[in-house]
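The structure under discussion is supplied below as structure tokens; questions concerning it will follow.
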Amino acid sequence: MDSNDEFLVLDVHFAATNGGLQCAFELVHQILQAPRWDEAAFERSKLFFINNNAGVGKSLERATCSKIMTAMIGDDLRFRDVPPEMLEQLTLGGVQAALEPHLHPTNIEVNVAGDFETHELEDLLLRYMGTITSQSQPPSRASLLGPPVVLQNPPIEQHHITWHLKDSDERAAAYIAGPAPCRWGPFGDRSPLAPLPGPPSPPPPPATNPAAAAAAALARRAHPLYA
């Protein structure tokens with residue numbers, strides 16, 4: 001089981017022979033109908049996320065991603081690694097209360113891929129997915145969406161960030177650069193980008209004059225793709 005920004009995903013792999021399809025649906029039905037909330041498993045999960053968070057600053061890729069997310073959305077924890085001190089405050093009851101409403105049958109989406117008989121699949125869906133009940137109401141759309149994402153509006157000099165990750169051996173470098181369409185529009189504005197006045201010009205030959213090179217870089221970054 002895993003989660004992303006939109007779904008809780010339960011990925012089940014099984015053999016299509018000897019009743020494998022039915023066994024898979026029995027398992028899914030049991031998890032959704034009567035999930036077991038185990039204190040020891042919960043503590044192991046907390047420890048996993050705490051250790052995972054501690055590794056952010058030791059990975060070039062994860063540390064770079066963290067820097068980019070900080071520049072874009074600040075400390076919005078919906079898209080960030082949760083700090084260890086917040087993980088320590090979680091309780092099994094609180095997590096159960098937060099997750100159970102999302103296991104409501106109206107929220108289920110089933111995707112099946114493989115070698116199976118259509119009539120058998122339809123019968124199993126009706127028997128195991130169609131009989132899941134819930135005593136609670138499904139969460140409202142407003143509660144699922146939460147507050148809107150607030151994009152940061154850093155000064156123009158912070159649009160181009162260079163930073164150094166200390167390491168025992170200087171062995172790697174990460175370059176994340178354009179040009180690329182800006183997904184949310186210019187910083188501080190969610191409106192679409194205006195059409196480009198024309199096709200992008202090819203890059204000029206390298207300038208030997210430092211002042212000319214700096215002017216060329218400034219002109220390039222004034223392009224709408226760098227908004």
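Within the range 1-20, is there a residue that is in contact (Cβ under 8 Å) with a residue 12 or more places away in the chain and in a helix (DSSP H, G or I)?
No, every residue in the range 1-20 fails to be in contact (Cβ under 8 Å) with a residue 12 or more places away in the chain and in a helix (DSSP H, G or I).
Next up: Mind checking whether some residue in the range 89-99 is modelled with pLDDT of 90 or more, loosely packed, with under 14 Cβ neighbours inside 10 Å and not in a helix (DSSP H, G or I)?
yes
Next question, about the same structure. If the requirement is being open to solvent by 70 Å² or more (accessible area, probe 1.4 Å), at pLDDT below 70 and closer than 30 Å to Leu99 by Cβ, which of these qualifies: Arg127, Arg183, Arg190?
On the way: Arg127 fails: at pLDDT below 70; Arg190 fails: closer than 30 Å to Leu99 by Cβ.
Sole residue among the options that is open to solvent by 70 Å² or more (accessible area, probe 1.4 Å), at pLDDT below 70 and closer than 30 Å to Leu99 by Cβ: Arg183.
Just checking, does the range 77-88 include any residue being of a type outside the set (Lys, Arg), farther than 27 Å from Glu157 by Cβ, open to solvent by 40 Å² or more (accessible area, probe 1.4 Å) and in contact (Cβ under 8 Å) with a residue 40 or more places away in the chain?
Yes, there is a match, as at least one residue in the range 77-88 is of a type outside the set (Lys, Arg), farther than 27 Å from Glu157 by Cβ, open to solvent by 40 Å² or more (accessible area, probe 1.4 Å) and in contact (Cβ under 8 Å) with a residue 40 or more places away in the chain.
Inside the range 43-70, can you point out the residues that are open to solvent by 50 Å² or more (accessible area, probe 1.4 Å), under 28 Å from Ala98 (Cβ atoms) and of a type in the set (Lys, Arg)?
Passing the criteria: Arg44, Arg62.
Further, regarding this structure: How many residues does the range 10-30 hold that are modelled with pLDDT under 85 and either surrounded by fewer than 11 Cβ atoms within 10 Å (Cβ to Cβ) or in contact with a strand residue (DSSP E or B) (Cβ under 8 Å, 6 or more places away or on another chain) (or both)?
1
Still on this structure, I have one more. Taking the stated definitions as given, is Ala40 free of Cβ contacts under 8 Å to residues at least 24 places away in the same chain and surrounded by 11 or more Cβ atoms within 10 Å (Cβ to Cβ)? Give the steps one after another, and end with the answer.
Numbers: free of Cβ contacts under 8 Å to residues at least 24 places away in the same chain: yes; surrounded by 11 or more Cβ atoms within 10 Å (Cβ to Cβ): no.
Criteria not met by Ala40.
Give the range 32-48 a look and list any residue that's modelled with pLDDT of 90 or more and assigned to a helix (DSSP H, G or I), or say none.
Looking only at the range 32-48, we keep the residues that are modelled with pLDDT of 90 or more, and these are 37-48.
Once the filter is applied, which keeps residues that are modelled with pLDDT of 90 or more and assigned to a helix (DSSP H, G or I), the range 32-48 yields Glu39, Ala40, Ala41, Phe42, Glu43, Arg44, Ser45, Lys46, Leu47, Phe48.
I would also like to ask the following. Given (1) open to solvent by less than 80 Å² (accessible area, probe 1.4 Å); (2) out of contact with any helix residue (DSSP H, G or I) (no Cβ under 7 Å at 6 or more places or on another chain), identify the lone condition not met by Thr118.
Going through the list (1) open to solvent by less than 80 Å² (accessible area, probe 1.4 Å); (2) out of contact with any helix residue (DSSP H, G or I) (no Cβ under 7 Å at 6 or more places or on another chain), Thr118 breaks only (1).
The values are calculated or read from the model by the stated rules, or taken from the named source; none is laboratory data. Keep in mind that this is a model prediction, so the values were computed, not measured. Glycine also receives a Cβ, built like all others from the backbone with ideal geometry; neighbour counts cover every protein chain displayed. Heavy atoms of the whole protein, side chains included, go into the accessibility calculation; ligands, DNA and RNA do not. Shrake-Rupley method; radii C 1.70, N 1.55, O 1.52, S 1.80 Å.
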